[in-house]
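Peer 1: Here's a structure for you.
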Amino acid sequence: MMKSLKRILFAFCLFFIFTTALFAQQNSKTQWFSHDRFGMFIHWGLYSAAEGLWKGEKLRYANNYAEWLRYRNRVSKEEYGELAKRFVWDQINPEEWVLLAKKAGMKYIIMTAKHHDGVAIWDTKIGDYSLSRLSGTNRDIIKELAIACKKHDMKLGFYYSHWIDWEHPYAWNHNQELTGHVTDQQYNQYWQEKVIPQLRELLTNYGDIALMWFDMWIPYEKSIIKKQQLQQVVQLIHNLQPKCLINSRLGLPTDEKNIDFETFGDNQFGTTYVDHPWETPGTIAHSWGYNGQENEWKSTSQIFNSLISNVSLNGGYTLNIGPRADGTLPYESISRLEDIGKWLQRQGESIYGATGLDLRVNQHDWGYLTTKTHGKQTQVYAQVFNWPLDRILRISGIKSKPSQVSVRIGASETSLKFKQKSGLLHIQLPAKQPDPFVSTISLTYNEPLQLDKEIVAESTFGGFALNSTNALHQDKLQITKYDGKRPQHIQTNNETIEWMIDFPEVGVYKVDISAHNPNKIFSTILIQIGTQSITEKLDSNGKLVVEPNENNYTDEFVNTSLGSIKIDHTGPQKISFKKEGSEHLWLNSIWIEKKN
Ligand code: GLC
């Protein structure tokens, strides 16, 4: 008995040591990626020369990605190959892309070595379908890029379309869902004669490769690919470039053995804090490859938002540019990257090596918090997108007191006055925001942070909005969402809903409610704080016209003033809501604000 217990214990210890070692190994391998946060994606290939037009016709169908031109517009292999003649070789200089990435504060570049069209951008010896051969040049753009990256200390990774390849007769294209032409055996032939040897070239001839970025957006079980084929790729990378990271779009789940970081969907940004390394690949406009018809440019502040909100959730951002077939980039791309780079030069320490705090996601209505620790010292950065009109920045949820709060104005760091009351911090801001896109306020703490993730964040201008996003025990609530995404109201029955409010001051607070009563009769509600309670009867309400002239009606949320409560001590207090009876009431929010 004793012996078997010992054996179990021993096995458990071994397992523990083994898994911790694996994770530790993974952490050191992915450390740079989690630190760098911001990289450049480059989509450049034959499609760049089509510029989103084929024989005068724009891209077909809804998701009109320019790099999908050959497939969507049903272009033959031969005619597609002719696009190689449009490349303006005496102007193409990959070093300029690297310099732009540097200027933008990006720390790595991911280059499309082979996209779905099957064209190798490097001078491959595997087959003759490469940009170099098709355009009759002796240039190898991947080699030039690799040299430029090394020269400018930029990490280099390759995008390689493994699953889809529209050139090889036995590879996958989506029409096979209808035609079913390729057998497993034929697909394996494509794998063994094109994918594996081409990957071997990329991993052998271009120096250190920081990451390999594969592209499959369904789990491999649902595709023609077999697990052994993916593992063969993993093995090849591990053998040839042991430090090279592999992204989750290879098709395997993110785990410590095969996949080093998770790639979210295209332009899909974080919504919760994720522990393992992850990134969002995003477009600067709509397409990945250059599209001369493009008119959906993301604004610079949108890009800042994407980058900073991802960092606040422990993620990164790989932002794509699509150079033209002469290597140049539209002004729209350059100006955005330059603006971002200028900001990162000043505020980079709040992004590189930074992460987020374990507070409610998006709880501050003015922007995001990022953070980093140096030994015992913790820095918190309030990234303010919306400079408050009353010049008070309200930060909720950090109970520790900062030793210093400052903002950089021009070249000098200016201290700011602040008031701390338990989990609420008020910072006195200067009248003018120092940065037109996002201004960073730095908070220094000399102790590990004490957080309160339960309290409702204070709103800009003061006051607390109690709703579905900040209630306690949210998993027990029935929450209805706008477009299935943005939380709207709570469908209350007769359960008790609770919130925590950290009252900054004693005094009288007014209480309002916004709710819809879909029943024929009034609903009786009860709100309670400590020993005080408010009861009210809410009348039944009807519809509201959302947009005139569209027969677009919605149930109206009616605002009702419920009177006031007296708060006689500061600090966190629970407040609860309950509706009598079993009919539904739709609770939008309860608003609590100090009376002057
Ligand atoms: C999609 C597209 C592709 C693009 C990629 C980047 O998978 O098929 O064109 O390269 O996303 O994330």
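Peer 1: Does residue 260 qualify as being without any contact (Cβ under 8 Å) to a residue 24 or more places away in the chain and not hydroxyl-bearing (Ser, Thr, Tyr)?
Peer 2: Answer is no for this residue.
Peer 1: Determine if region 84-92 includes at least one residue that is more than 24 Å from residue 53 (Cβ to Cβ), in contact with a Leu (Cβ under 7 Å, 6 or more places away or on another chain) and touching a residue at least 40 places away in the same chain (Cβ under 8 Å).
Peer 2: The answer is no; no qualifying residue exists.
Peer 1: Against the definition (within 16 Å of the ligand (Cβ to nearest atom) and farther than 22 Å from residue 153 by Cβ), how does residue 218 come out, yes or no?
Peer 2: Working: within 16 Å of the ligand (Cβ to nearest atom): yes; farther than 22 Å from residue 153 by Cβ: yes.
In short, yes.
Peer 1: Do we have residue 235 as in a helix (DSSP H, G or I) and exposed (fewer than 15 other Cβ atoms within 10 Å of the Cβ) here?
Peer 2: yes
Peer 1: Now for a different question. If a residue must be farther than 30 Å from residue 362 by Cα, more than 16 Å from the ligand (Cβ to nearest atom) and not in a helix (DSSP H, G or I), how many such residues does region 314-340 contain? Talk me through it step by step, then tell me what you get.
Peer 2: Just the residues of region 314-340 that are farther than 30 Å from residue 362 by Cα, to begin with: 322-331.
Imposing the further condition that a residue be more than 16 Å from the ligand (Cβ to nearest atom) reduces the set to 324-331.
Imposing the further condition that a residue be not in a helix (DSSP H, G or I) reduces the set to 324-330.
Number satisfying all stated conditions: 7.
Peer 1: Pick out the one residue from 419, 399 that is without any contact (Cβ under 8 Å) to a residue 12 or more places away in the chain and in contact with a strand residue (DSSP E or B) (Cβ under 9 Å, 6 or more places away or on another chain).
Peer 2: On the way: 399 fails: without any contact (Cβ under 8 Å) to a residue 12 or more places away in the chain.
Of the residues listed, the single one that is without any contact (Cβ under 8 Å) to a residue 12 or more places away in the chain and in contact with a strand residue (DSSP E or B) (Cβ under 9 Å, 6 or more places away or on another chain) is 419.
Peer 1: Let me ask something else about it. From the list 107, 150, which residue is more than 22 Å from residue 66 (Cα to Cα) and surrounded by fewer than 20 Cβ atoms within 10 Å (Cβ to Cβ)?
Peer 2: On the way: 107 fails: surrounded by fewer than 20 Cβ atoms within 10 Å (Cβ to Cβ).
Sole residue among the options that is more than 22 Å from residue 66 (Cα to Cα) and surrounded by fewer than 20 Cβ atoms within 10 Å (Cβ to Cβ): 150.
Peer 1: Also: Scan region 162-174 for residues that are free of Cβ contacts under 8 Å to residues at least 60 places away in the same chain and either over 18 Å from residue 128 (Cβ atoms) or in contact with a helix residue (DSSP H, G or I) (Cβ under 6 Å, 6 or more places away or on another chain) (or both) and jot them down. Don't jump to the end; show me each part of the working.
Peer 2: Initially, region 162-174 is screened for residues free of Cβ contacts under 8 Å to residues at least 60 places away in the same chain, giving 164-165, 168-172.
Result: 164, 168, 170, 171, 172.
Peer 1: Which residues, taken from region 577-593, are part of a strand (DSSP E or B) and either over 17 Å from residue 538 (Cα atoms) or over 40 Å from the mean Cα position of the chain (by Cα) (or both)?
Peer 2: Filtering region 577-593 down to residues part of a strand (DSSP E or B) leaves 577-579, 585-593.
Those that are part of a strand (DSSP E or B) and either over 17 Å from residue 538 (Cα atoms) or over 40 Å from the mean Cα position of the chain (by Cα) (or both): 592, 593.
Peer 1: Out of the residues in region 61-78 that are over 18 Å from residue 120 (Cβ atoms) and exposed (fewer than 14 other Cβ atoms within 10 Å of the Cβ), which is farthest from the ligand (Cβ to nearest atom)?
Peer 2: Applying the filter and picking the extreme gives 76.
Peer 1: Just for strands (runs of 3 or more DSSP E) wholly inside region 486-540: which have at least 2 residues that are within 24 Å of residue 421 (Cα to Cα)?
Peer 2: Numbers: elements: 486-492, 497-503, 507-516, 523-529, 532-538.
Filter on region 486-540 gives 497-503, 507-516, 523-529.
Peer 1: Now a separate question. Looking at (1) part of a helix (DSSP H, G or I); (2) aliphatic (A, V, I, L, M); (3) within 16 Å of the ligand (Cβ to nearest atom), find the lone condition where residue 225 falls short.
Peer 2: For residue 225, the exception is condition (1).
Peer 1: How many of the residues making up region 382-406 are closer than 17 Å to residue 416 by Cα, charged (D, E, K, R) and in a loop (DSSP other than H, G, I, E, B)?
Peer 2: 3
Peer 1: Let me ask something else. Is there a residue being within 16 Å of the ligand (Cβ to nearest atom) and either outside any loop (DSSP other than H, G, I, E, B) or more than 29 Å from residue 465 (Cβ to Cβ) (or both) anywhere in region 306-313? First the steps, then the outcome.
Peer 2: Going through region 306-313, the residues within 16 Å of the ligand (Cβ to nearest atom) turn out to be 306, 310.
With either outside any loop (DSSP other than H, G, I, E, B) or more than 29 Å from residue 465 (Cβ to Cβ) (or both) added as a condition, the list becomes 306, 310.
Yes: region 306-313 contains one or more residues that are within 16 Å of the ligand (Cβ to nearest atom) and either outside any loop (DSSP other than H, G, I, E, B) or more than 29 Å from residue 465 (Cβ to Cβ) (or both).
Peer 1: Would you mind finding the one in 279, 262, 256, 294 that is acidic (Asp, Glu), more than 14 Å from the ligand (Cβ to nearest atom) and either buried (at least 21 other Cβ atoms within 10 Å of the Cβ) or closer than 29 Å to residue 29 by Cβ (or both)?
Peer 2: Result of the check over 279, 262, 256, 294: 256.
Peer 1: Counting only residues that are of a type in the set (Ser, Thr, Tyr) and at pLDDT 95 or above, which one in region 499-523 is surrounded by the most Cβ atoms within 10 Å (Cβ to Cβ)?
Peer 2: 509
The values are calculated or read from the model by the stated rules, or taken from the named source; none is laboratory data. Keep in mind that this is a model prediction, so the values were computed, not measured. Reconstructed Cβ throughout: ideal geometry from the backbone, glycine too, with neighbour counts over all protein chains shown.
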